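Just below is one structure, and these are the notes that go with it.
The values are calculated or read from the model by the stated rules, or taken from the named source; none is laboratory data. Just so you know, these numbers come straight off a predicted model, no measurement behind them. Neighbour counts run over all protein chains shown; Cβ positions are idealised from the backbone, glycine included. Just the protein is used for accessible areas: all its heavy atoms, side chains included, with ligands, DNA and RNA removed. Shrake-Rupley method; radii C 1.70, N 1.55, O 1.52, S 1.80 Å.
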Amino acid sequence: MSAAPRTPRPRRTPPPPPPRRAGGPRLPGIRPAALPAAGSPDWYRRAVFYEVLTRGFFDSNNDGIGDIGGLRAKLDYLEWLGVDCLWLLPYFPSPMRDGGYDISDFFTVHPNLGTLDDLVAFLDDAHRRGIRVIADLVMNHTSDQHPWFVESRSSWDNPKADWYVWNDDDQRWADARVVFVDVETSNWTWEQSRQQYYWHRFYSHQPDLNYENPEVVEAMFDVVRFWLDLGLDGFRLDAVPYLFQRDGTSGENLPETHALLRRLRKEMEAVYPDRVMLAEANQWPADLVDYFGDGDECHMCFHFPLMPRLFMAVRREQRFPVTEILAQTPVIPDGCQWAIFLRNHDELTLEKVSEEERDYMVAEYVKDPRMQRHMGIGRRLAPLLDGDRRLAQLLYALLFSLPGSPVIYYGDELLMGDNLYLGDRDSVRTPMQWSPDRNGGFSRADFAQLYLPPLMDPVYGFESVNVEAQQRNPSSFLHWIRSILQTRKQFPVFGTGSFEVVPCANPSVLAYVRSPHPPAPDTTTAAPDKATRGGRAGRVGRSGRAGAGRGDGAVEVVSNPVLCVHNLSRFAQPAELDLARWAERTPVELLGRVPFQSVGSATYGVTLGPYGFYWFELMDHDPMGRGDGNDGAPG
Ligand code: NOJ
Ligand code: CA
């Protein structure tokens, strides 16, 4: 924002809104994608999501920029990995001053990334494989290059004059915080041609749309219909808390915003009942849950406050940061689901922690001032953990077992690194590393042509960290994550079950039980499976697990609770668990199907290695057919 001389001029009376348009551009000459096979409408509650940056994934035409054709070419990989739903970061035309969140046309694909036909072909292929696809819907703002804004800024009386938020001074809504505090000094920027200020919650080149104007609402609903008609399975709703402003408020989470989201849900559901709305609202739990409404607003919401607390907990080697925030998290309406994540395309945000906690996180995780971006840390998962694989496994075990649907950030399944010398959040948006070949197998373009340089350092560079090498090595991190992902999918209780912390005197141990909802009584009536002993001593056959198919199979056959025990410490730890509620049950470890000693009346002892964890199915019978006592079972 720059101060500028003011020219007084008469106030304009806004013209009455024109009649509501019957519909926006509707797929001109484009064939919509085939729909995914019908599944349960709440498929997203069991799904594993994978966040992907189209321009960073795979370059199918060798121009140095990943593209939609590249996504399509890598569907084999994504299917092999076992993810259920892709979340595509913005792929729209854009001057690219905010990674594509500065959109200049909502109705097509950025020419660098392909065409609408490419997108339809990709959706067809993804759906055929049972993979759903959601994309960012940036409702709050546009690029200042968007024709709507170009028109709006041009005069006081053009047809789009009130499509953005204009004011004569820059003092209004002074209680609204500046989100990118390190870059912007105000939420207002002066516009010379209108002799007014325009409102923006993010960069000054991203003017906020004016949702008080019904034409804007209708235009955005047209955008929504357009992409749903085309075959998208839903949206990640970017920056939703900021849609409205009101005097004397922070301009976040206003009732008007919630009313608009409920309207959007209603419109969507009327025509597309199985599509999902996922809210990006970086808010405290009490405000976050409002985005679910009474089950009539967003289907999903990112649990922002949980994420930094996972990193805090493992550094402090104490469960408290996680249990505290979960205790503060209200119960969510039926049919709703959290989206939980470790890292994403943005900085590791520290907005929703106390000042003391922020200082702690910076002291522990920011080794170089270059790592700080906006109000957070611009690093990927592996470097944050100093490359410690055990710790990464522990964090993924938490991600895959805490309440919510996990979202994996592309490349983090390989433990890819970051590049602190790139500006803004590009540090964590470098090309996917496919092989040790030129440009990491991402593109055959000249290195100088690439949208960003691939990592080439000896630790995280593509010669050491890549899909090809990890696919060949059965003990790689990639294989590990694939197998734990399959395990999760066999137990839908991870997606839909209730959550209960198990008391344990050792503060480094985080144990909880995920139970079928509502929790099965101790005398569960679930038909016990026959213990079909396999070839390996001490292993038992499968219980009533869901098939290992995609997340929307909705095969809720498992009625046994699952006990998850995690050691947040770098040293081995004993855990005495109060499992009185599950007395007589037999814990069977999920990854190896090894039965442990049955739960008795005393506390249940488990020993965990450094950063170790166990997930147990709590079976209502002993699959080994043992009586009381220790029939030589491991324990
Ligand atoms: C949230 C997006 O995740 C972030 O990348 C972007 O900078 C802001 N919204 C503003 O569009
Ligand atoms: Ca390309």
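Positive-end ranking of 85, 62, 155 along the dipole of segment 42-183, with charges on Cβ about the Cα centre, is headed by 85. When you work out D = kT/(6 pi eta Rh) for segment 130-240 at 20 °C and 1.002 mPa s, using the Kirkwood radius from C-alpha pairs as Rh and the Stokes-Einstein form, the result is 142 µm²/s. An ellipsoid equivalent to segment 272-381, defined through the eigenvalues of its Cα gyration tensor, has semi-axes of 28, 16, 11 Å when rounded to whole angstrom and sorted largest first.
Pair-distance distribution P(r) for segment 440-520, from all Cα-Cα distances in 5 Å bins starting at 0: 3, 12, 12, 12, 12, 11, 10, 10, 9, 6, 3, 1 percent.
Using the structure shown, list the pairs from 160/352; 74/489; 74/160; 352/489; 74/352 with a Cα-Cα distance above 32 Å, or answer none. Write down the numbers at each step before the final one.
Working: 160/352 36 Å; 74/489 22 Å; 74/160 41 Å; 352/489 30 Å; 74/352 36 Å.
Exceeds cut-off: 160/352; 74/160; 74/352.
For segment 194-297, the calculated P(r), taken from all Cα-Cα distances in 10 Å bins from zero up to the bin holding the longest distance, is 13, 45, 33, 8, 1 percent. Ranked from largest, the principal axis spans of the Cα set of segment 348-489 equal 46, 40, 23 Å.
What accessible area per residue comes out for segment 177-266, rounded to a whole number of Å², with a 1.4 Å probe? Kindly include the intermediate steps, with their values, before the conclusion.
Values: 2440 Å² over 90 residues.
Value returned for segment 177-266: 27 Å² of accessible area per residue.
With the simple spin-label model, which puts each label point 7 Å out from Cα in the Cβ direction, the residue 364 to residue 193 separation comes to 5.1 nm. Amide H contacts for residue 208 (H built 1.01 Å from N in the peptide plane; partners 5 or more residues away or on another chain; cut-off under 5 Å): 165, 199, 200, 201. Coordinate range of the alpha-carbon atoms in segment 119-169 per principal axis, descending: 53, 19, 15 Å.
Counting only protein heavy atoms and a probe of 1.4 Å, the accessible surface of the chain is 52% carbon and sulfur. Within segment 262-393, DSSP assigns beta bridges of which about 45% are antiparallel (rounded to the nearest 5). Compared with the rule-of-thumb size 2.2 N^0.38 Å for a compact globular protein, segment 64-111 has a Cα radius of gyration ratio of 1.33. Over segment 67-153, the alpha carbon radius of gyration divided by the compact-protein estimate 2.2 N^0.38 Å works out to 1.21. Here's how it looks for residue 276: its modeled amide H is under 5 Å from those of 234, 235, which are all 5 or more places away or on a different chain. In terms of Cα atoms, the Rg and Dmax of segment 263-318 work out to 14.9, 48 Å. With the convex hull constructed from alpha-carbon coordinates only, segment 413-465 shows a mean projected area of 3.5 nm² over all directions. Computed extension length for residue 35-residue 62: 6.7 nm, one decimal, from 0.36 nm per residue of separation with the Cα-Cα distance subtracted.
Per residue, how much space in cubic angstrom lies within the convex hull of the C-alpha atoms of segment 313-355? The partial results should precede the final answer.
Values: hull volume 5.0 nm³, N = 43.
Residue-normalised Cα hull volume stands at 116 Å³.
A dipole drawn for the chain from +1 and -1 charges on Cβ atoms has a positive end, and of 427, 602, 395 the residue lying farthest that way is 602.
Round to a whole angstrom and tell me the spacing of the C-alpha centers of segment 212-234 and segment 58-77. Here the two parts' Cα centres lie 27 Å apart. Of the beta bridges in the chain, as assigned by DSSP with both residues counted there, near 60 percent are antiparallel. Calculated accessible area for segment 367-413 comes out at 24 Å² per residue, all protein chains present (probe 1.4 Å; ligands, DNA, RNA ignored). Fraction of C-alpha pairs exceeding 45 angstrom in the chain: 20 percent, rounded to a whole number.
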